[in-house]
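Participant: Sharing a structure with you now.
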Amino acid sequence: MPNNSNSSSSDDMALPATFRKLVCSKLTQHFRDAVSIQTLPMLKPGPQDVLVRNRFTGINASDINKTAGRYNPADKPPFDIGFESVGEVVGVGSEVKHVKVGQGVCFMQNGTFSEYQVLPAKLAIPVPSVQPEHLGLLVSGMTADLSLRECGKIKEGETVLVTAAAGGTGQFAVQYAKQAGCHVIGTCSSDSKAEFLKSLGCDRPINYKTEDLGQVLKKEYPGGVDVVYECVGGDMFHTCLRSLAPRGRLIIIGFVSGYKESQIAAPTIKPNELMGLLAKSTSITGFFLFAFANQWQESFARQAALFAKGAVKVGVDLGKNSEKGAFKGVDGIMDALDYMYSGKSQGKLVVEVNEPLPSPGL
């Protein structure tokens with residue numbers, strides 16, 4: 001926990017005495033069983049830190065991998081969870097000069113499932129306004145941007161297949177592939193999501209609930225697809241692998257269909273698929289965002305410029321199809337994870353952790 005004894009800037013806002021956060025208290029892939037809410041004394045930033053009042057936090061399918069202890073064997077409960085946030089700076093350390101109290105920032109730092117959070121000032125990315133759309137440009141947007149560049153090596157005129165294309169990261173993969181001059185196919189699970197994909201420029205949305213993906217690819221793309229942005233795993237992975245064109249590249253972004261198993265259900269390559277890899281000189285590459293940390297700032301800046309001029313759309317879902325309504329507070333994070341795995345979410349799934357600050361003078 002950050003050192004509470006360090007003094008912060010005299011510009012600090014009036015803060016509550018305590019705050020709440022969600023922590024992992026038990027290692028299991030069943031998120032509700034893994035987490036608990038703690039109430040703690042308010043934090044103070046160290047000399048080179050900032051204190052952020054988290055307004056919105058992003059939900060990712062991989063959150064349950066964190067609570068299952070799959071990322072770091074050294075993680076022993078209780079530990080902080082949540083990967084990304086956007087909020088207001090409410091306290092700054094004595095040595096911090098480039099970030100001011102009241103400034104909007106977004107960041108990627110473990111522990112964002114919390115009302116307040118201390119982090120190194122160098123990790124706080126200033127944003128012109130505190131809006132949930134900026135969250136999309138972090139984990140989800142960076143994953144699409146960097147993986148298509150570094151692993152997919154997409155080129156103009158190629159055909160790109162994006163699975164779970166209407167999801168948090170898929171929506172960006174569709175748009176960045178289109179901007180590169182590619183023909184884009186996107187899989188989804190409903191007609192409304194197919195319409196959403198059309199609005200992003202997707203050339204061929206495929207609702208796999210009403211169309212057979214393998215048959216569509218075989219009939220409409222007999223030469224195969226050049227690049228696959230694969231997020232689902234299971235049967236979807238095998239269908240995509242068999243559909244690669246000569247010298248095609250399949251990027252494994254994740255295999256969400258297997259995350260809820262006690263032992264993570266990663267896809268395995270069958271002997272006939274291995275021979276296909278050899279015969280067509282195709283490749284499979286894994287992508288893990290945290291292995292590309294040295295490119296985060298460049299990626300965010302590139303995306304933020306596109307967003308600022310309206311060249312990239314960020315679909316945000318605060319619970320629009322949830323029976324419980326919009327997700328609010330740290331309590332709402334558990335509902336949001338359930339919602340994500342129900343398949344109802346569309347775009348970047350976000351929880352509003354704190355209400356807006358009152359306007360000055362009110």
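The values are calculated or read from the model by the stated rules, or taken from the named source; none is laboratory data. What you are looking at is a predicted structure, and each value in this text was computed from that prediction instead of being measured. Glycine gets a Cβ as well: all are built from the backbone with ideal geometry, and neighbour counts include every protein chain shown. Only protein heavy atoms, including side chains, enter the accessible area calculation; ligands, DNA and RNA are left aside. Shrake-Rupley method; radii C 1.70, N 1.55, O 1.52, S 1.80 Å.
Participant: With the condition kept exactly as written, say whether any residue in the range 201-215 is within 26 Å of LEU337 (Cβ to Cβ), open to solvent by 40 Å² or more (accessible area, probe 1.4 Å), touching a Pro at 6+ places or on another chain (Cβ under 9 Å) and part of a loop (DSSP other than H, G, I, E, B).
Facilitator: Checked against the condition, which is being within 26 Å of LEU337 (Cβ to Cβ), open to solvent by 40 Å² or more (accessible area, probe 1.4 Å), touching a Pro at 6+ places or on another chain (Cβ under 9 Å) and part of a loop (DSSP other than H, G, I, E, B), the range 201-215 yields no hits at all.
Participant: Moving to a separate point now. For a quick check of your reading of the model, give me the residue pairs whose first member lies in the range 260-279 and is under 27 Å from ARG247 (Cα atoms) and charged (D, E, K, R), whose second is surrounded by 14 or more Cβ atoms within 10 Å (Cβ to Cβ) and modelled with pLDDT of 75 or more, with beta-carbon atoms closer than 8 Å and at least 6 apart or on different chains.
Facilitator: Pairs that qualify, where the first residue is under 27 Å from ARG247 (Cα atoms) and charged (D, E, K, R) and the partner is surrounded by 14 or more Cβ atoms within 10 Å (Cβ to Cβ) and modelled with pLDDT of 75 or more, are LYS270/HIS238; GLU273/HIS238; GLU273/LEU241; GLU273/ARG242.
Participant: Within the range 341-362, work out how many residues are surrounded by fewer than 21 Cβ atoms within 10 Å (Cβ to Cβ) and in contact with a strand residue (DSSP E or B) (Cβ under 7 Å, 6 or more places away or on another chain).
Facilitator: Count: 3.
Participant: Among all residue pairs at least 6 apart or on different chains, which show Cβ distances below 6 Å where the first residue, located in the range 231-258, is at positive phi and the second is surrounded by fewer than 23 Cβ atoms within 10 Å (Cβ to Cβ) and at pLDDT below 95?
Facilitator: Short answer, once both residue conditions are applied: GLY233/PHE255; GLY233/SER257; GLY233/GLY258; GLY233/PRO267; GLY234/SER257.
Participant: Take the conditions small (Gly, Ala, Ser) and within 25 Å of ALA34 (Cβ to Cβ) and apply them to GLY157. Does it pass?
Facilitator: No.
Participant: Any idea which residue in the range 246-302 is farthest from ASP226 (Cα to Cα), counting only those that are touching a Leu at 6+ places or on another chain (Cβ under 8 Å) and in a loop (DSSP other than H, G, I, E, B)?
Facilitator: Going through the qualifying residues, I end up with ILE269.
Participant: Can you tell me how many residues in the range 240-254 are open to solvent by 90 Å² or more (accessible area, probe 1.4 Å) and either within 17 Å of GLY214 (Cβ to Cβ) or within 16 Å of the chain's Cα centre (by Cα) (or both)?
Facilitator: Looking only at that region, the number is 1.
Participant: Next question, about the same structure. Residue by residue through the range 286-300, note down the ones that are touching a strand residue (DSSP E or B) at 6+ places or on another chain (Cβ under 8 Å) and open to solvent by less than 80 Å² (accessible area, probe 1.4 Å).
Facilitator: GLY286, PHE287, TRP296, PHE300
Participant: What pairs can you find where one residue is in the range 182-208 and polar (S, T, N, Q), the other is not in a loop (DSSP other than H, G, I, E, B), and their Cβ atoms are less than 7 Å apart, with a gap of 6+ or different chains?
Facilitator: THR187/ILE206; THR187/LEU213; SER189/ASN207; SER190/ASN207; ASN207/CYS188; ASN207/ASP191; ASN207/ALA194
Participant: Hey, another quick one. Go through the range 176-200 and give me each residue that's more than 22 Å from SER342 (Cα to Cα), open to solvent by less than 10 Å² (accessible area, probe 1.4 Å) and assigned to a helix (DSSP H, G or I). Break it down into steps so the answer makes sense when it comes.
Facilitator: We begin by selecting, within the range 176-200, every residue more than 22 Å from SER342 (Cα to Cα); these are 176-185, 198-200.
Then drop every residue that is not open to solvent by less than 10 Å² (accessible area, probe 1.4 Å), which leaves 177, 182, 184-185.
Once the filter is applied, which keeps residues that are more than 22 Å from SER342 (Cα to Cα), open to solvent by less than 10 Å² (accessible area, probe 1.4 Å) and assigned to a helix (DSSP H, G or I), the range 176-200 yields only ALA177.
Participant: Being over 15 Å from LEU349 (Cβ atoms) and surrounded by 15 or more Cβ atoms within 10 Å (Cβ to Cβ) is the filter here; which residues of the range 304-314 pass it? Break it down into steps so the answer makes sense when it comes.
Facilitator: As a first pass, look at the range 304-314 and keep what is over 15 Å from LEU349 (Cβ atoms): 304-313.
ALA304, LEU306, PHE307, VAL312, LYS313, listed by residue number.
Participant: From (1) out of contact with any Pro (no Cβ under 8 Å at 6 or more places or on another chain); (2) farther than 22 Å from VAL174 by Cβ; (3) surrounded by 18 or more Cβ atoms within 10 Å (Cβ to Cβ), pick out the condition that doesn't hold for ASP317.
Facilitator: Status for ASP317: all satisfied but (2).
Participant: A follow-up question, please. When you check LYS320 against the structure, is it without any contact (Cβ under 8 Å) to a residue 60 or more places away in the chain, touching an Asp or Glu at 6+ places or on another chain (Cβ under 7 Å) and within 30 Å of GLU195 (Cβ to Cβ), yes or no?
Facilitator: Taking the combined requirement at face value, the residue does not satisfy it.
Participant: Also, I was wondering about something else. Only one residue in SER257, SER322, SER283 is modelled with pLDDT of 95 or more and surrounded by 13 or more Cβ atoms within 10 Å (Cβ to Cβ). Which one?
Facilitator: Exactly one residue qualifies, and that residue is SER283.
Participant: Same structure, new question: Which of the residues belonging to the range 156-175 are in contact (Cβ under 8 Å) with a residue 60 or more places away in the chain, more than 25 Å from LYS320 (Cβ to Cβ) and open to solvent by 10 Å² or more (accessible area, probe 1.4 Å)?
Facilitator: GLU158, THR159
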